[in-house]
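Participant: Below are the structure tokens for one structure; questions will follow.
The values are calculated or read from the model by the stated rules, or taken from the named source; none is laboratory data. For clarity, every value in this text was computed on a predicted model and none was experimentally measured. Ideal geometry is used to build each Cβ from the backbone, glycine not excepted, and the neighbour counts take in all protein chains shown. The protein model used for the area step is the full one, side chains on, heavy atoms only, and it has no ligands, DNA or RNA in it. Shrake-Rupley method; radii C 1.70, N 1.55, O 1.52, S 1.80 Å.
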Amino acid sequence: MEGTGAKHELLSVDEVASYLGVGPITVYRWCRQGRLPGLKVGKSWRIRRGALDDFLRRSERGQSLVSRLNAFLTVPDHVIAIAATLELLHRLDAAFFQVGEARGGTLVKCYAGETTSVDELRAALTHYGVEVAHLEAAGRFQFMAEEDPNSGRTEALRRLLAAPASEGRSLWVSFNWVKQVDLDRALRQQRELAALVDISELVLKTAVLEQVVDT
């Protein structure tokens, strides 16, 4: 399990279960609980080989959401997640930005897909450990209003990537869906955004509040 390419290899649940000598149900449970960082593609889970290596090396006890994301995310990267509650959605945002800050990135919170005001979002992120005021003062954090979350995110991201502030730093961008959304539309948009990730120093996280997903 060595080499940069090997670390990025995606493994199926059956492959991980066979390697560890456990049942697939156990691996599914670890993924759902966040103990083994994984990416859900359609109805299937995929686990990075590097994430599996980290899972085997570390003690499972005391692992925070920040630690799990740090073990899972690379640059460039993109991930889509489903959060059960609004609180978990905010915790996920905060953990994502803490990882991005630690890696020297420029952080962007897009908020037209939210029902929460900017001041409330700032307070929630600060509560969960992001030094928003300090990062804003340093020019490393910004809130960006979206004109149309349903169709304008790709163009908004292109503008961000072209801005001078993004030069020399990786860009860590968070989009959320907390209003009613068609899952097919969200996934189609995510594929368009992923095409930008492939050619940029960009880490993109899109989270969906579970109760608003149609499927």
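Participant: Can you work out which of the residues in segment 48-63 that are surrounded by 12 or more Cβ atoms within 10 Å (Cβ to Cβ) and farther than 13 Å from Leu11 by Cβ is modelled with the lowest pLDDT? Give the derivation first.
Facilitator: Kept after step one, since they are surrounded by 12 or more Cβ atoms within 10 Å (Cβ to Cβ), are these residues of segment 48-63: 48-55, 58, 63.
Still in the running and farther than 13 Å from Leu11 by Cβ: 54, 58, 63.
Numbers: Asp54: 83, Arg58: 59, Gln63: 54.
Restricting to residues being surrounded by 12 or more Cβ atoms within 10 Å (Cβ to Cβ) and farther than 13 Å from Leu11 by Cβ, the top hit is Gln63.
Participant: Any residue in segment 20-47 that's over 19 Å from Glu9 (Cβ atoms): show its pairings with residues that are open to solvent by 50 Å² or more (accessible area, probe 1.4 Å) and of a type in the set (Lys, Arg) at Cβ separation under 6 Å, as long as the two are six or more apart or on different chains.
Facilitator: Gly34/Arg68
Participant: Related question: Filtering segment 12-27 down to residues that are modelled with pLDDT under 85 and either under 19 Å from the mean Cα position of the chain (by Cα) or not in a helix (DSSP H, G or I) (or both), which residue is surrounded by the fewest Cβ atoms within 10 Å (Cβ to Cβ)?
Facilitator: Selected residue: Gly21.
Participant: Looking at the structure I just gave you, is Arg122 assigned to a loop (DSSP other than H, G, I, E, B) and either closer than 21 Å to Val66 by Cβ or modelled with pLDDT of 90 or more (or both)?
Facilitator: Values: assigned to a loop (DSSP other than H, G, I, E, B): no; either closer than 21 Å to Val66 by Cβ or modelled with pLDDT of 90 or more (or both): yes.
So Arg122 fails the test.
Participant: Could you tell me whether segment 148-166 includes any residue that is touching a strand residue (DSSP E or B) at 6+ places or on another chain (Cβ under 9 Å), polar (S, T, N, Q), surrounded by 17 or more Cβ atoms within 10 Å (Cβ to Cβ) and in a strand (DSSP E or B)?
Facilitator: No.
Participant: Could you tell me which numbered condition Ala95 fails, if it satisfies all but one of (1) of a type outside the set (Val, Ile, Thr); (2) surrounded by fewer than 13 Cβ atoms within 10 Å (Cβ to Cβ); (3) closer than 19 Å to Leu171 by Cα?
Facilitator: Among (1) of a type outside the set (Val, Ile, Thr); (2) surrounded by fewer than 13 Cβ atoms within 10 Å (Cβ to Cβ); (3) closer than 19 Å to Leu171 by Cα, the lone unmet condition for Ala95 is (2).
Participant: Also, I was wondering about something else. Test each condition in (1) open to solvent by less than 20 Å² (accessible area, probe 1.4 Å); (2) farther than 27 Å from Gly42 by Cβ for Asn176 and report the one that comes out false.
Facilitator: (2)
Participant: Please work out if Glu114 is at pLDDT below 85 and crowded, with 21+ Cβ neighbours inside 10 Å.
Facilitator: Details: at pLDDT below 85: yes; crowded, with 21+ Cβ neighbours inside 10 Å: yes.
So Glu114 fits the description; yes.
Participant: Let me ask something else. Looking at (1) touching a helix residue (DSSP H, G or I) at 6+ places or on another chain (Cβ under 7 Å); (2) of a type outside the set (A, V, I, L, M, F, W, C); (3) farther than 18 Å from Gln189 by Cβ, which is the one condition that is false for Ser170?
Facilitator: Every condition holds for Ser170 apart from (1).
Participant: Within segment 127-147, which residues are aromatic (Phe, Trp, Tyr) and open to solvent by 20 Å² or more (accessible area, probe 1.4 Å)? Give the derivation first.
Facilitator: First, pick out the residues of segment 127-147 that are aromatic (Phe, Trp, Tyr): 128, 141, 143.
Those that are aromatic (Phe, Trp, Tyr) and open to solvent by 20 Å² or more (accessible area, probe 1.4 Å): Tyr128, Phe143.
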